[in-house]
Amino acid sequence: MVSRASSFGLALLLTICGMVHAETFISGRVTDETGAAIANARVELRSASGVTAVSSTDRAGNFKLSLPEPGEYTIRAERLGFYVFQGKPQHFEPGESDLSITLNHQQELSDRVDVTASPPTIDPQQPQERRELDNTEIQSVPYPAPQDYRNALPLMDGVVQDNSGRPHFNGGRGSQTNYTLNGFNISNPVTGQLDARLNIDTIQSMDVATSRFSAENGRGSAGVLDLETKMGDDRWRFGGTNFIPSLSTDGGWHINKWTPRLELSGPIDKGRIWFHNGFDAFYSDDVVPGLPTGQNRTSAYSGSDLTRFQINLTPGNILTGGFLYNLDDSHRQGLSIVTPVESTLNQRDALYMSTIRDQSYFTGGALLDVGFADSRGANYSLPQGNQLYQITPDGNRGNYFSGLDRHFYRQQWIANLFLPVLHAAGTHQLKFGIDFERQAFHQTVQRHDYEVLREDGSIARYVTFVGSPFQARKNFEAAQYVQDAWNIRQGLVFEAGLRTEWNEIVRDLEVAPRLAAAWSPGWLRSTKFSAGWGVYHDAIALDTVTRQQDQVSYSTFYLPDGTVRGPVPTSFVADDRYLKTPRFRIASLGIERKLPYDYYLKAGYSHRTGDRGFTFVPTVPLTDTSVYNGVVFRLVNARQDRYDAFEISLRHTFAGKFEWFAGYTRSSAHSNSAIDYSLENPIFAPQAPGPYSWDTPNRFHTWGWAPLPNRVLPPRLRFITRNTTAQYLIEYRTGFPFNIVDDNGFLVGAPNSVRFPHYFNINLHLERQFRALNYLWAWRFGYNNLNNGLNPNVVENVVGSPTFMTFGRGQARAFSVRLRFLGRK
């Protein structure tokens with residue numbers, strides 16, 4: 001009996017082993033030209049009978065596939081921003097096999113003519129809501145002022161630019177987004193804003209996550225923007241854009257605009273060490289009509305230089321580093337017919353950022369990623385003198401009343417560990433990480449008196465300042481996270497993460513759980529459903545907790561009846577002992593589907609609510625009479641925000657390199673604390689709810705590029721449209737809201753109760769590639785604001801002003817030209 005049982009068990013064991021051995025497993029890795037891993041690449045193996053197996057790469061570039069049967073399979077790998085890899089059919093035997101794939105970055109100029117750009121894909125293993133612009137899209141879409149990468153961000157759903165040009169993600173303030181450059185924090189250490197400049201030609205991709213982003217990401221509840229820049233390879237490359245300045249005869253012959261951009265990259269040691277350098281500059285010398293000669297010129301210079309290198313110490317150990325330098329110098333900033341030279345500012349900003357990063361790939365698929373970044377810089381804002389500043393209905397007089405001298409610093413340490421795939425009721429990809437950051441700044445703000453005058457020249461308000469002009473503050477932040485991506489079965493992924501954060505200001509341990517799932521049902525091909533919920537905390541901007549606490553303003557009001565009230569003190573205070581870190585909760589749903597003819601549909605809903613947000617509130621209720629007793633604004637955790645958005649978009653890639661996109665967003669961005677108080681020009685009103693000043697309920701935009709038709713012309717005339725593409729951008733949105741105030745600074749009506757007219761803009765350009773001097777060039781010309789819409793971005797919002805509710809137009813119809821040197825094929 002025992003012998004029969006043993007024989008039966010042995011046979012069963014051999015049968016199981018045979019079955020396991022009969023299965024076909026593929027383990028592989030996807031890298032770029034320099035051996036660096038490519039995450040989120042889609043790998044597909046397809047047999048002649050139509051049997052397919054699909055997987056996506058992790059952060060280490062690794063993927064695993066289980067083939068239903070051995071045999072011959074074609075291999076396809078793709079990732080947005082790279083050329084499609086289509087390998088020859090390969091035979092796979094039962095058991096385990098290794099597969100290595102190299103994807104080449106999409107280049108403006110390629111050595112091959114048969115390459116195809118990767119179309120947008122549906123990644124069934126990615127629950128995160130991601131949007132991405134690659135280098136080709138950034139270069140091809142004719143958005144305004146294309147020398148600044150920040151102007152390309154609104155090409156993505158969920159991102160809008162306010163009237164000052166600041167980007168807002170997912171309805172949040174500019175400081176509520178986590179901005180990174182090649183994985184390191186690049187936001188302004190004091191304000192949290194995105195101020196850094198880059199040569200836009202050096203940007204490989206701009207990746208945005210607005211919801212369901214994992215525990216790896218923190219320092220912002222509104223989203224994550226990661227700028228990935230280029231790296232050299234074994235081929236020497238040189239490129240240039242707009243290196244010919246433009247001339248103007250207005251006010252005499254002079255160079256009025258010059259926006260050169262240069263790139264140089266190549267090998268230091270082929271196959272092992274590479275570098276990339278990107279330089280850009282912007283020079284302007286403008287003449288303001290309506291001002292006397294000698295008092296009508298304003299000039300500005302800004303430039304950036306980013307140098308990066310990569311050393312493959314071993315095939316599994318990659319060292320990268322970089323240095324970014326920014327300089328911005330402007331004279332007579334703000335010069336206009338209402339702001340003469342004496343009332344303008346001279347500004348100078350500088351930024352230095354150094355980074356070093358080491359990535360070690362281990363056998364089995366583990367990855368250890370460690371890095372350090374050091375950032376430091378300065379901001380200077382200098383008035384033309386110390387004369388009394390006057391604000392009148394007809395414009396400003398005297399010297400601006402506030403000057404700034406600020407220096408800031410940041411050091412950041414990061415470490416991430418990605419473990420090999422674990423098998424337990426499916427597969428698990430675990431990752432752990434830490435992120436430490438130290439920030440500090442010190443500044444001196446010099447303020448002098450100013451006054452507000454009525455139309456008849458009488459004084460409405462006189463303001464003076466007292467107190468020390470010096471401020472300094474520092475902060476240390478520490479974050480740790482763990483994340484598990486559980487692939488339950490083919491087409492079903494569940495992510496769970498936990499992030500803990502601590503900072504020196506609040507000194508509380510904050511816990512942020514994250515949950516997300518993605519489901520691609522087998523019975524509904526090329527479709528993915530995703531959902532998620534998470535807790536997110538904002539980084540603490542140092543200028544918020546120190547806002548204008550260095551001095552006190554005293555306002556004296558001269559009422560029309562001859563009554564004098566004041567001096568009325570206005571001050572700002574904050575006590576760290578009573579503060580908590582702002583907290584947000586985001587819930588979202590999404591669906592992606594591939595439609596016929598390779599159209600990709602994406603739709604989603606996001607609900608973002610926040611509490612404990614920082615806001616200043618008056619310590620006593622503000623009324624028409626209590627204001628004259630003085631106002632003290634205290635920083636408290638009383639702000640509650642809400643953002644709801646429904647988005648739908650359609651995207652199509654055709655002929656391997658042309659694209660078309662259309663998206664619509666219905667959204668609402670509101671807060672219970674819509675008033676932004678200021679020491680230097682305060683609004684007197686109790687804190688109240690209302691929309692944010694970047695709230696735009698309806699937004700539609702579409703962009704793309706396509707070749708001009710060639711076959712419709714007679715053969716002798718086809719040279720007219722040869723190698724020429726039409727590029728366009730169309731955007732419509734609801735106008736932004738704004739406040740109405742009187743000449744004493746009192747709010748009239750509810751906060752942000754009036755809106756600008758709607759915004760509508762059409763940009764249409766033509767670009768033609770041609771050869772000259774044995775090199776390839778691209779010449780683009782066209783019109784911005786082709787429809788010549790008003791699109792106002794400023795307004796006279798003071799009741800009683802003779803120009804009350806007069807809107808100042810945005811950019812008028814403008815002819816734009818761009819010349820690019822693309823190199824030798």
Whole-Å semi-axes of the ellipsoid equivalent to the stretch 469-550 (Cα gyration tensor, √5λ, descending): 41, 14, 8
Can you give the convex hull volume of the alpha carbon atoms of the stretch 267-371 per residue, in Å³? 131 Å³
Which whole-number percent of Cα pairs in the stretch 575-618 have a distance greater than 14 Å? 67 percent
Report the far tail of the P(r) of the stretch 347-431, meaning the percent of Cα-Cα pairs longer than 20 Å. 64 percent
For the stretch 748-825, count all C-alpha to C-alpha pairs, find those more than 15 Å apart, and express that count as a whole percent of the total. 69 percent
Residue-span extension gain [PHE476 to LEU388] - 0.36 nm each, minus C-alpha spacing: 27.6 nm
For helix 2-22, what angle does its Cα long axis make with the longest principal axis of the chain, in degrees from 0 to 90 and rounded to 10? 60 degrees
For the residue pair ASN629 and ALA587, what label-to-label distance in nm results when each label sits 7 Å from Cα along the Cα-to-beta-carbon direction? 4.3 nm
Label-point separation (nm) for THR500 and ALA415, each offset 7 Å from Cα along Cα-to-Cβ? 1.6 nm
Order ILE75, ILE268, ILE434 by their accessible area, 1.4 angstrom probe, all chains in place, largest first. ILE268, ILE434, ILE75
Scattering profile of the stretch 46-188 at q = 0.11 Å⁻¹ [log10 I(q)/I(0), Debye over alpha-carbon scatterers]: -0.60
ASP358, ASP157, ASP561, ranked by accessible area, largest first (probe 1.4 Å): ASP561, ASP358, ASP157
Neighbourhood net charge (12 Å Cβ-Cβ; Lys/Arg +1, Asp/Glu -1) for GLY457: -2
For the full complex of protein chains and a 1.4 angstrom probe, list HIS168, HIS442, HIS758 by accessible area with the highest value first. HIS758, HIS442, HIS168
At 7 Å along the Cα-to-beta-carbon direction for both SER816 and ASP561, put a label point, then send me their distance in nm to one decimal. 5.5 nm
Once you keep just the Cα pairs under 8 angstrom separated by 6 or more residues, what percentage relative contact order results for the stretch 513-639? 25 percent
Cα-Cα P(r), the chain, percent of pairs per 10 Å interval: 2, 11, 21, 25, 20, 11, 6, 3, 1, 0, 0, 0
For the PHE781, GLU455 Cβ pair and Förster radius 35 Å, calculated FRET efficiency rounded to 0.05 is 0.15
With unit charges on the beta carbon (Lys/Arg positive, Asp/Glu negative), name the residue among LEU559, GLN480, GLN139 whose Cα is farthest towards the positive pole of the charge dipole of the chain. GLN139
Leaving out same-chain residues fewer than 8 places away, which aspartates and glutamates sit with a Cα under 18 Å from that of LYS257? ASP148, ASP280, ASP285, ASP286, ASP328, ASP329
Summing -39500 (n - 2.57) over every DSSP H run of at least 4 in the chain, dividing by its residue total and rounding to the nearest 500, the 222 nm mean residue ellipticity is -1000 deg cm²/dmol
Cα-derived Rg over Rh, computed across the stretch 122-245 with Rh taken as Kirkwood radius: 0.97
For the stretch 189-244, the fraction of alpha-carbon pairs in successive 5 Å shells from zero, as %: 4, 12, 19, 18, 18, 12, 8, 9, 1, 0
The stretch 299-446: Rg to Rh, with Rh as the Kirkwood radius over Cα pairs: 1.25
For LYS594, which aspartates and glutamates qualify as cross-link partners when the Cα separation must be under 18 Å and same-chain residues fewer than eight apart are set aside? GLU44, GLU78, ASP123, GLU129, GLU132, GLU647, GLU659
With all protein chains present, calculate the accessible area of TRP413 using a 1.4 Å probe and round the result to the nearest 10 Å². 110 Å²
Residues in the stretch 757-782 that a label on ARG722 would reach, taking backbone N under 17 Å of a point 7 Å out along Cα→Cβ: 767-779
Under the Debye formula (equal points on every Cα, no solvent term), log10 I(q)/I(0) of the stretch 509-633 at q = 0.10, 0.12, 0.20, 0.21 Å⁻¹: -0.61, -0.71, -1.12, -1.17
Say the dipole of the chain comes from +1 at the beta carbon of Lys and Arg and -1 at that of Asp and Glu; which of LEU515, ILE273, LEU103 then lies farthest toward its positive end? LEU103
With N residues in the stretch 686-776, what two-decimal value do you get for its Cα radius of gyration over 2.2 N^0.38 Å? 1.95
Quick calc, the chain, dipole around Cα centre from Cβ unit charges on Lys, Arg (+) and Asp, Glu (-), nearest 20 debye, gives 1680 debye
Full extension between LEU247 and SER284 adds, at 0.36 nm per residue less the Cα distance, a length in nm of 12.3 nm
Accessible-area value, TRP533, 1.4 Å probe, nucleic acids and ligands omitted, Å²: 100 Å²
Gain on full stretching of the segment that runs from SER27 to PHE362 - 0.36 nm per residue minus C-alpha separation: 119.2 nm
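The values are calculated or read from the model by the stated rules, or taken from the named source; none is laboratory data. As the structure is a computational prediction, the values presented were derived from the model and not from experiment. Ideal geometry is used to build each Cβ from the backbone, glycine not excepted, and the neighbour counts take in all protein chains shown. We work out accessible area using only protein heavy atoms, side chains counted, and drop any ligands, DNA or RNA first. Shrake-Rupley method; radii C 1.70, N 1.55, O 1.52, S 1.80 Å.
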